[in-house]
Each structure stands twice: as C-alpha cells, then as structure tokens.
Amino acid sequence: MFNNAGIGILGEARDHTIEDWYRIIDVNLRGVVNGVAAAYRVMLPQGVGHIVNTASVQGLVPTPLMASYGATKHAGVALSNSLRIEAAPAGIRVSVICPGVIRTPLLQGGRYGKALLPASEERQRAYFERLRRIDPTRFARRVLTRVARNDALIIMPAWYKVLWWLNRASPSLGRLLARRMFEMSKRMLRP
C-alpha cells in the first residue's frame, strides 16, 4: 500500500495560523496514520504486505520556511521506522520514501497548500527549480526498484543523502547549513 498524502505551507512558523497547523497535520500526519491503520489491519491476518509511506527529506533535516511540513514528515519517518520493526515478525514490510523536490502540484499551492510569503508564482517556481526538481516518472521508477528491494529508507534524488549524512554527522553543521539556506531563501522569495 502506497500511502502518499501531502500539502505544504511555505513560510515562517510565526505566520502560520492555528488553522494552517491543523490542516497540515490532518493531511500529512493523520492521512498517513489512517492509511497505515486501514492497511495494517488487512495485512496482519494475511501475514504479508508492504506499507510504503511518503515522507520527505525535510523529515530528516532542519526545514526553515517549511517547519510545519517538516514536522509532519518527521512524524511520518518515525512512524515508518518503528512500524517496520513491529511489523516484520508478522511478515509485513514497511518502507518510507523521503523525496527531495519533485515536480508535482504540491509546489503550486492551492488545494495542495499555500505560501505565506509575498513571493510571486514565478519567484516560487525559480526557487524550487534551483533545488533541482526531479521528474515524477523518473522518481517513481527509481523508488519502485528500492521498494522491491525492501529498503527501509528511500531518499531520492540520491544527492539529498548528502544533506542527511551531514546533519547526522554534525547536527551543528546541519543547523548552520539550514540557517544559510534560510537566509538565501528569504532573499530569493521576498520582493
């Protein structure tokens, strides 16, 4: 079962309303919880299955301007890692996909989220393009290969692993890089 739900809110946490927080938690975290609960109940008596949750690389590293998104994706990673261990004796596999920036409607806002910054759509597109977005078809092919191998953690595109490794090896360096990215991002996205 591929569990893939997500919306994004681009902007500083101080600008989020409580409704923004509830909406992103409802979709990004409760969506995953509901999918896991439904599939796991079916898979347990079968003694076989594979739950594949989509989180984000932002669930592995600091995410200024996307703190609410990152928080929900951290939760998805934690749920997946814990469930993988619990479910294994029952014959059920669990993987978590942590994509970088993929060319999907999530980046366009609307019903997929919103931008709390006064950046034009053109500036937002340029910003995300600079993060080396990957085509969804190429992404899917690569992910399916990794799911078939039963990889626990699937980070795509592979170059995002560098950010994850750096943050794991030196959290203070990870925070420094995130702070620099935050400053650069604010310059790019503000008028």
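Give me a count of the residues in the stretch 136-191 that are part of a loop (DSSP other than H, G, I, E, B), in contact (Cβ under 8 Å) with a residue 12 or more places away in the chain, of a type outside the set (D, E, K, R) and at negative phi.
4
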- Item | Qualifying positions in the stretch 59-70 - in a helix (DSSP H, G or I) and in contact (Cβ under 8 Å) with a residue 24 or more places away in the chain | Gly59, Ala67, Ser68, Tyr69
- Query: When you go through (1) modelled with pLDDT under 85; (2) touching a helix residue (DSSP H, G or I) at 6+ places or on another chain (Cβ under 9 Å) one by one for Glu129, which number turns out not to apply?
  - Reply: (2)
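The values are calculated or read from the model by the stated rules, or taken from the named source; none is laboratory data. This is a predicted model, so every value here is computed, not measured. Quick reminder, even Gly has a Cβ in these numbers, built from the backbone with ideal geometry, and neighbours come from all protein chains shown.
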